[in-house]
Amino acid sequence: MRITLVCVGRLKERYWQEAAAEYLKRLTPYARVDVLEVPDRDVSADEDRALAAEAAAIARVLPDGAEVVILDIGGKARSSEALAEWLEELGTSGRSHVAFVIGGAAGLHPDVLARADERISLGPMTLPHQLARVVLLEQLYRAFRIIRGEPYHR
């Protein structure tokens, strides 16, 4: 399986970088994972313009043919087991490239939301995009372990 994370903004703090790197390393036996970062824009002056610029950057890097999954607080919440089942179903149905999109501080432009094949939620609370990235990577790692029947911490 191939996973692409398209993220608005970069991980600036070392602790976020280290956490993401750890889960990317752990994911290596299960999937090819690419992280593509697009610049975040200053939304304080003109939020619509900033979101449009981020949307254009996201559109340029979204892989052709990938299942596009937006992280959205209003999206479908899944348990770890349900996420694993869903990923496995995608893979067995020939949709083995999944692109997850994580927005920046102001969320995502409607043009990006319109590209979504699926919207998922990490829960009802708003998370900083750096934390959302790490949580998503951890949940992907957990999902692949579940798929393979390997032990995981419940």
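The values are calculated or read from the model by the stated rules, or taken from the named source; none is laboratory data. This structure is a prediction, so every number in the text was calculated from the model and none was measured. With ideal geometry, Cβ positions are generated from the backbone for all residues, glycine too; neighbour counts draw on all protein chains shown. Quick note on the areas: whole protein, heavy atoms, side chains included, nothing else; ligands and nucleic acids left out. Shrake-Rupley method; radii C 1.70, N 1.55, O 1.52, S 1.80 Å.
Residues that are open to solvent by 50 Å² or more (accessible area, probe 1.4 Å) and over 18 Å from Glu22 (Cβ atoms) were ranked within the stretch 129-150; the one that is nearest to the chain's Cα centre (by Cα) is Ile147.
Checking the conditions here, which among Asp48, Asp40 is farther than 17 Å from Leu140 by Cα, crowded, with 19+ Cβ neighbours inside 10 Å and not β-branched (Val, Ile, Thr)?
Numbers: Asp48 fails: crowded, with 19+ Cβ neighbours inside 10 Å.
Only one candidate qualifies: Asp40.
Only residues that are more than 14 Å from the chain's Cα centre (by Cα) and surrounded by 16 or more Cβ atoms within 10 Å (Cβ to Cβ) were counted across the stretch 53-77, and they come to 4.
Results for (1) touching a Pro at 6+ places or on another chain (Cβ under 6 Å); (2) open to solvent by 30 Å² or more (accessible area, probe 1.4 Å); (3) within 16 Å of Val6 (Cα to Cα), shown as yes or no for each residue.
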position: Glu81; (1), (2), (3): no, yes, no
position: Ala84; (1), (2), (3): no, no, no
position: Leu87; (1), (2), (3): no, no, no
position: Thr92; (1), (2), (3): no, yes, no
position: Ile102; (1), (2), (3): no, no, yes
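Kindly check whether there is at least one residue in the stretch 80-89 that is part of a loop (DSSP other than H, G, I, E, B), out of contact with any strand residue (DSSP E or B) (no Cβ under 9 Å at 6 or more places or on another chain) and either more than 14 Å from Gln139 (Cα to Cα) or not aromatic (Phe, Trp, Tyr) (or both). Within the stretch 80-89, none of the residues are part of a loop (DSSP other than H, G, I, E, B), out of contact with any strand residue (DSSP E or B) (no Cβ under 9 Å at 6 or more places or on another chain) and either more than 14 Å from Gln139 (Cα to Cα) or not aromatic (Phe, Trp, Tyr) (or both).
When Ile58, Ile146, Ile70 are checked against the criterion of being outside any helix (DSSP H, G or I), out of contact with any His (no Cβ under 7 Å at 6 or more places or on another chain) and of a type in the set (Val, Ile, Thr), a single residue qualifies: Ile70. Pairs are defined by a Cβ separation below 6 Å, a sequence spacing of at least 6 or placement on different chains, a first member in the stretch 32-44 that is farther than 30 Å from Met1 by Cα, and a second member that is buried (at least 16 other Cβ atoms within 10 Å of the Cβ) and acidic (Asp, Glu); the pairs so defined are Arg41/Glu54.
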